[in-house]
1. In nanometres, what is the gap between the two model label sites at HIS4 and MET170, each 7 Å from Cα along Cα-to-Cβ?
2. GNM on the chain, C-alpha springs below 10 Å: top fluctuator among SER284, SER160, SER217?
3. What are the ³J(HN,Hα) couplings of the stretch 164-175, residue after residue, when phi is run through the Karplus curve with 6.51, -1.76, 1.60 and θ = phi - 60°? Round to Hz, x for glycine and proline.
4. Mind listing the long-range amide H neighbours of ILE22? Cut-off is under 5 Å, sequence gap 5 or more, other chains count too, H placed in the peptide plane at 1.01 Å from N.
5. Can you list residues from other chains, or at least 5 along the same chain, whose modelled amide H is less than 5 Å from the amide H of LEU335?
6. If I build a Gaussian network model for the chain, linking alpha-carbon pairs within less than 10 angstrom, which residue out of ILE95, ILE297, ILE42 has the largest mean-square fluctuation?
7. What's the magnitude of the charge dipole for the stretch 8-131 around its Cα centre, counting Lys and Arg as +1 and Asp and Glu as -1 at the beta-carbon? Answer in Debye, nearest 20.
8. Provide the percentage of antiparallel DSSP beta bridges, counting only those with both residues in the stretch 140-379; round to the nearest 5.
Amino acid sequence: MYIHRQIEDLIRNSLNQARIVILYGARQVGKTTLLKNLFPKIDKNIIHLACDQIRIQDQLVADDLALKQLLGEKAIVIFDEMQSLPNPGLILKIIYDHMPGIMAVATGSASFDLANKVSEPLTGRHHRFQLFPFSFSEISKVVDAVDLQSIVQESLIVGSYPKIFNTVKMEDKVQELLLLADNYLYKDILTFDLVKNSHKVRELLIAVALQLGNEVSYNELGRRLGMNYKTIERYLDLLEKSFVIFRLHGFSRNLRKEITRKVKIYFYDCGIRNALINNFNPLSMRADGGALFENYIISELVKKESLSYPHANFYFWRTHSGQEIDFIADKNGKLTMIECKLSRLHTGSTAFDAFTKSYPGSEFKLITLDDFNSVKNLLL
């Protein structure tokens, strides 16, 4: 079953404006499937090129005559996994400058590599987007409303990668997730020889997974794993650019009582996090349910904001006295406090009053799983 991706209309509209569109995203999030749906192979005006194939790489050279001979009179060219090419940015620049009748869409799973190769040649010439695992909004279009809450609870355990979502049995979902975590999480980093020790990368991810929802110190992680903090920060940066994790920093406007030096680290997909620690127990049997729900909500907000402009910036907030708010959304100068709890029974806090006192006019939203309307109102 194909599920419509919200980003599709943005891609179509951007092609008419920029002629070059680059779609980033982790492996297995559905980039190829999306483009096949948007641009059918049966259309004679479209050519699909799988750039991870040697025979395609041999033909894609940065020469306008060679490219014109290969692409002919096609209107749209799809470059799938374009980070596999040695000079993707230059090829796209040649198409833009010398082949005005062609529009190009390129996908890449390794943003750190593809972005480095395209950013300078294509300055001002392209639009870029990121594709994520299925969002709550996308899933809500194909799931009966009465089943949505149980789907969210399942997403806290096995996530929402397309193949996982479309697999029926829970044991099969778990097996697919374990394969995904083992075979794809570090593939780009290792392929481009950016780290020498994949074992250390996995140890780092497991350590981060076990601290989900808590503030993280690079120095503390380094001591635990036998690495210096600069190596920790570099590995985390690579994992972030590989679309495995993302970081939130502490919110502050230079008030001395606020903590800003540590970060919180979340996973784009809860299923990947659970695969790393090999824990697929239901919420009723685990102590980290609150942290998983927090991760789910912030990752869904990141997906939602990726479709709008300007994007909101997200932070967490904590003071030296221990007052804390899960997320602060800063959009167009408006601050919104977002607190995530599994149940309304555990929502007592004085942090909201303290934050509002420091930042008058801030809005507050309490999101709980047992009040499912709060989830829908935030994410739809």
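None of the figures in this text is laboratory data; all of them are computed from the coordinates on show. Small disclaimer: the values here were computed from a predicted structure and weren't measured. Here the Cβ positions follow ideal geometry from the backbone for every residue, glycine too, while neighbour counts run over all protein chains shown.
1. Calculated label separation equals 3.2 nm.
2. SER284
3. 5, 4, 8, 8, 7, 7, 4, 5, 6, 4, 4, 4
4. ALA106, HIS127, ARG128, PHE129
5. GLU363
6. Sorting by GNM fluctuation, first place goes to ILE42.
7. Details: 14 positive and 13 negative charges, 44 e Å.
It works out to roughly 220 debye.
8. Once the DSSP bridges in the stretch 140-379 are tallied, antiparallel ones form about 70 percent.
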